[in-house]
Amino acid sequence: MPAPDLFVPGTLVGPYRLGSPLGRGGMGAVFAADGPGGRVALKLVASYGATSAERERFAREVDALRTLDHPGIVRLHEVLDDGDDLVLVMPYLPGGNLAQRVGDHGPMDPDQVRELAATLLDALASAHRRGVT
């Protein structure tokens, strides 16, 4: 697999064809992609050149995602690893992230805020019960 900076829409990553970029983080980029089971999100992480601390952080993220099972926490379908790059395959969630949702729709009414806060706190409590903090 090429480095995440070289990923462009149309590139094949395993059985997945990259679509549009969804975001970029400290260790890689997230793209929409189409594959055998339909639309997914791919988090592409370049492991070459990564520090041992970055590799450890990534391993903890993978372990946590494999451990957690809650409707408020994104699931991990699979991990692709070719020795140079790691790819997390997750469900495609078209609503965007929380900051985008608030930015796109403006302030939320109090009932929406209460519902969102309850979901977030329940997901956090679920993670803590499984030893993920």
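The values are calculated or read from the model by the stated rules, or taken from the named source; none is laboratory data. Values in this document were obtained by computation on a predicted structure and should not be read as measured data. Every residue, glycine among them, receives a Cβ derived from its backbone with ideal geometry; neighbour counts consider all protein chains shown. Heads up: the accessible areas ignore ligands, DNA and RNA and are worked out on the full protein's heavy atoms, side chains in. Shrake-Rupley method; radii C 1.70, N 1.55, O 1.52, S 1.80 Å.
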In the range 49-96, how many are without any contact (Cβ under 8 Å) to a residue 60 or more places away in the chain and in contact with a Phe, Trp or Tyr (Cβ under 7 Å, 6 or more places away or on another chain)? 1
May I ask you to list the residues in the range 77-133 that are touching a helix residue (DSSP H, G or I) at 6+ places or on another chain (Cβ under 8 Å), over 23 Å from Gly23 (Cα atoms) and of a type in the set (Gly, Ala, Ser)? Ala127, Gly131
Within the range 1-111, which strands (runs of 3 or more DSSP E) (wholly inside it) include 1 or more residues that are open to solvent by 40 Å² or more (accessible area, probe 1.4 Å)? 16-24, 28-35, 38-46, 78-81
